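Worksheet for the structure shown next.
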Amino acid sequence: MPSTLTLAASGGAQTGAGPDPASPLCLRGLTVSYGDKPALFSVDATFPAGAMSAIIGPNGAGKSTLLKAALGLIPTVSGQVTVYGQPVAAARDRIAYVPQRASVDWDFPTTVIDVVLMGRYRKLGLFRRVSRAERALALDALARVGMEGFADRQIGQLSGGQQQRVFLARALAQDADLYVLDEPFAGVDAATERAIIDLLKGLKAQGKSVIAVHHDLATVAGYFDHVFLVNVRAMAEGPVETTFTPAALAQTYGGRLAATHLDQLALTVR
Amino acid sequence: MGADFVQFSLTPILIGILAAIACALPGNFLILRRQALIGDAISHVVLPGIVVAFLVTGTVAAIPMLLGAGAAALVAVVLIEAIRRLGGIEPGAAMGVVFTALFAGGVLLLEQSDTSRVHLDVEHALMGNLETLIWLRAEGWGSLLDPVALASLPPELPRMAVVAALIAVLTLIFWRPLKLSTFDEGFARAIGLPVSLIGLALVITATVAAVAAFDAVGSIIVIAMFICPPAAARLLTNSLAAQVWWSVALAMLSAILGYVLAGYGPLWLGFSNSVSAAGMIATVSGVILGLACVVGPYRRRVGVAVGA
């Protein structure tokens with residue numbers, strides 16, 4: 001086992017450091033609890049700008065909770081969150097959040113274009129009419145996810161992969177700098193996964209930052225630049241090449257990953 | 001239709017329509033949020049609130065009634081939360097226990113207290129007194145332009161009109177945030193919408209509708225109108241705006257058809273007495289929902305698994 005592992009939770013260099021104003025998402029001492037059980041305990045994280053970062057950990061490790069707490073969707077016990085150095089409330093226009101597909105009722109009476117236009121709410125407000133330019137922007141977002149023919153389709157008629165693409169189009173319509181995605185590849189077809197990853201890499205090429213909760217360890221090295229390993233506490237953080245190691249995974253997952261699985265991953269990483 | 005109609009049927013029908021619309025509008029969002037039971041709970045909880053307000057103030061004026069009902073709703077919410085947390089049972093069951101218990105308590109209070117000099121009893125609580133809300137001073141359609149006759153309109157009519165108009169305006173103003181936070185709460189929070197406040201405001205709006213309608217038409221109509229017209233409307237369209245319009249139309253249809261059937265239906269069938277208008281309006285709304293379930297063009301979508 002390599003002993004050069006950087007373990008944030010064991011008192012790494014960043015603990016106690018102030019927030020990094022260049023980071024699109026910087027957490028300091030983030031603690032969240034459901035009832036009396038901590039879901040996240042004193043988590044520090046500094047996601048790099050202009051990169052694709054994966055949040056990885058076993059089921060129940062607090063991955064989705066981390067995103068929700070960071071964006072202020074659920075109450076936190078303590079901790080500080082900054083987005084590009086600002087408090088989250090002041091940076092809402094720079095964040096596009098893609099929730100888990102299964103978190104909404106797809107039988108809701110609305111159309112694809114309506115959902116994408118929800119991404120323009122902060123510009124439209126209560127009363128402003130949806131101008132031709134706003135509509136064009138939403139249609140363009142749909143085209144970028146390969147759904148241009150589906151604008152007036154009822155959302156209940158979409159497949160899982162199409163639903164995920166619509167959610168992504170809504171995020172694109174927000175025209176943000178930071179894209180935060182909760183399990184974007186869960187239950188989607190291979191073609192959609194390919195389309196989404198190409199799109200996210202395109203965003204990165206434009207200098208945008210992407211942070212995604214990810215659970216397929218086999219694709220981490222191919223998709224992401226940066227990993228953040230979490231299991232209630234922050235376990236490790238850094239570039240994929242140096243941080244996504246069998247030792248760090250073993251530590252994060254405890255006994256929950258079979259040794260053979262770890263060996264295969266070690267091969268994938270190299 | 002002449003003077004008789006204006007005198008005896010116009011105001012009850014109008015009050016029925018306004019009450020139905022005031023309840024159906026928030027009902028659309030409650031149903032989509034899987035909170036349809038809240039409308040049911042509110043309309044039950046209103047009874048003990050109103051009885052206590054009457055016992056304290058000795059009047060059945062609108063403001064004390066509203067405050068009493070509001071306080072009862074608050075007590076109910078606290079009780080539901082307490083039972084859910086301490087008992088560790090699901091919210092639907094906690095709600096069911098609390099609102100039936102409070103309603104039963106209200107019935108007992110009502111029976112034990114001296115409400116004989118005002119129109120407040122169990123039957124009134126359930127059925128309202130729609131048929132008695134007549135406009136005695138009216139002499140025909142011309143009375144609608146006569147300020148003296150208008151002054152003697154049953155006060156329930158303007159009150160219900162103001163509440164229905166208020167709810168319609170609020171629905172229009174907050175349409176986008178209501179729709180957005182109902183569809184995707186997480187996203188709505190992420191873009192900075194006050195999601196909890198919107199949910200609370202919706203429940204408060206439903207309470208105001210329930211209290212105003214309760215006084216005029218009783219809790220049966222309130223419960224039926226929160227659920228039946230919006231649920232039937234959902235089966236007729238796949239657009240939220242169209243659903244809300246349909247729910248208003250079906251609420252109106254239920255009120256008119258129910259009132260007419262209650263007044264004349266039994267006579268047509270050879271019976272000598274008419275039946276309760278409130279009961280018939282609620283029944284008609286249920287029949288409309290049943291028809292929508294059978295023939296509604298979008299009925300297959302309801303309950304279909306994602307991706308199926």
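The values are calculated or read from the model by the stated rules, or taken from the named source; none is laboratory data. Quantities reported herein were computed from a predicted structural model and do not represent experimental measurements. Virtual Cβ from ideal backbone geometry, glycine too; neighbours counted across all protein chains shown. Ligands, DNA and RNA are excluded from the accessible area calculation, which covers all protein heavy atoms including side chains. Shrake-Rupley method; radii C 1.70, N 1.55, O 1.52, S 1.80 Å.
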Confirm whether B:Leu250 is at pLDDT below 95 and either within 14 Å of chain A (Cβ to nearest Cβ) or part of a helix (DSSP H, G or I) (or both).
-> no
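So that you can scan it fast, the table gives a plain yes or no per residue for (1) under 16 Å from A:Ala143 (Cβ atoms); (2) open to solvent by less than 10 Å² (accessible area, probe 1.4 Å); (3) part of a helix (DSSP H, G or I); (4) within 12 Å of chain B (Cβ to nearest Cβ):
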position: A:Asp175; (1), (2), (3), (4): yes, no, no, no
position: A:Leu181; (1), (2), (3), (4): no, yes, no, yes
position: A:Leu199; (1), (2), (3), (4): yes, no, yes, no
position: A:His215; (1), (2), (3), (4): no, no, no, no
Do you know which residues across region A:19-40 are touching a residue at least 40 places away in the same chain (Cβ under 8 Å) and either in a loop (DSSP other than H, G, I, E, B) or surrounded by fewer than 20 Cβ atoms within 10 Å (Cβ to Cβ) (or both)?
-> A:Pro19, A:Asp20, A:Pro21, A:Ala22, A:Ser23, A:Pro24, A:Gly29, A:Thr31, A:Ser33, A:Pro38
Mind listing whichever residues of region B:70-86 are open to solvent by less than 70 Å² (accessible area, probe 1.4 Å) and β-branched (Val, Ile, Thr)?
-> B:Ile80, B:Ile83
Can you name the residue in region A:41-59 that is in a strand (DSSP E or B) and open to solvent by 10 Å² or more (accessible area, probe 1.4 Å) and is also nearest to A:Ala221 (Cα to Cα) among such residues?
-> A:Thr46
Would you mind finding the one in B:Ala233, B:Ala216, B:Ala209, B:Ala242 that is on the phi < 0 side of the Ramachandran plot and open to solvent by 10 Å² or more (accessible area, probe 1.4 Å)?
-> B:Ala242
Within region A:60-78, the residues that are assigned to a loop (DSSP other than H, G, I, E, B) and either within 11 Å of chain B (Cβ to nearest Cβ) or free of Cβ contacts under 8 Å to residues at least 60 places away in the same chain (or both) are A:Gly60, A:Leu71, A:Gly72, A:Leu73, A:Ile74, A:Pro75, A:Thr76, A:Val77
Verdict on B:Glu111 being over 25 Å from B:Pro26 (Cα atoms), at pLDDT below 85, over 20 Å from the mean Cα position of the chain (by Cα) and assigned to a helix (DSSP H, G or I) = yes
Can you pull out the residues in region A:105-127 that are of a type in the set (Lys, Arg) and either farther than 20 Å from B:Pro194 by Cα or in contact (Cβ under 8 Å) with a residue 40 or more places away in the chain (or both)?
-> A:Arg120, A:Arg122
Which of the residues spanning region A:85-138 are over 12 Å from B:Phe183 (Cα atoms), facing another protein chain (nearest Cβ under 9 Å) and part of a strand (DSSP E or B)?
-> A:Ile95, A:Ala96, A:Tyr97, A:Val98
Does B:Gly128 count as closer than 25 Å to B:Ile15 by Cα and either within 14 Å of another protein chain (Cβ to nearest Cβ) or touching a Phe, Trp or Tyr at 6+ places or on another chain (Cβ under 8 Å) (or both)?
-> yes
Return the pairs, sorted by first residue and then second, in which the second residue is open to solvent by 30 Å² or more (accessible area, probe 1.4 Å) and at pLDDT below 90, the first residue lies in region B:183-211 and is more than 8 Å from chain A (Cβ to nearest Cβ), the beta carbons are less than 6 Å apart, and the residues are 6+ apart or on different chains.
-> B:Val211/B:Leu66
Closer than 13 Å to B:Ile21 by Cβ and of a type in the set (Ser, Thr, Tyr): does that describe B:Ser272?
-> no
Could you check, for region A:121-135, whether at least one of its residues is under 28 Å from A:Gln86 (Cα atoms) and among the hydroxyl-bearing types (Ser, Thr, Tyr)?
-> yes
Could you list, in sequence order, all residues of region B:3-40 that are modelled with pLDDT under 85 and open to solvent by less than 10 Å² (accessible area, probe 1.4 Å)?
-> B:Val6, B:Gly39
Leading residue by the ranking (nearest to the other protein chains (Cβ to nearest Cβ)) among those in region A:139-166 that are more than 22 Å from A:Glu193 (Cβ to Cβ) and in a loop (DSSP other than H, G, I, E, B) = A:Asp152
Is it the case that B:Leu66 is in contact (Cβ under 8 Å) with a residue 60 or more places away in the chain and in a helix (DSSP H, G or I)?
-> yes
For B:Ile89, state whether it is open to solvent by 30 Å² or more (accessible area, probe 1.4 Å), outside any helix (DSSP H, G or I), modelled with pLDDT under 85 and within 19 Å of B:Ala212 (Cα to Cα).
-> no
Taking into account only those residues within region B:279-293 that are in contact (Cβ under 8 Å) with a residue 40 or more places away in the chain and more than 10 Å from B:Ala224 (Cα to Cα), which is most open to solvent (accessible area, probe 1.4 Å)?
-> B:Leu291
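Does A:Val81 count as more than 9 Å from chain B (Cβ to nearest Cβ), open to solvent by less than 50 Å² (accessible area, probe 1.4 Å) and either touching a Phe, Trp or Tyr at 6+ places or on another chain (Cβ under 8 Å) or not in a strand (DSSP E or B) (or both)? Walk me through it before giving the result.
On the way: more than 9 Å from chain B (Cβ to nearest Cβ): yes; open to solvent by less than 50 Å² (accessible area, probe 1.4 Å): yes; either touching a Phe, Trp or Tyr at 6+ places or on another chain (Cβ under 8 Å) or not in a strand (DSSP E or B) (or both): no.
Judged against the criteria, A:Val81 is not a match.
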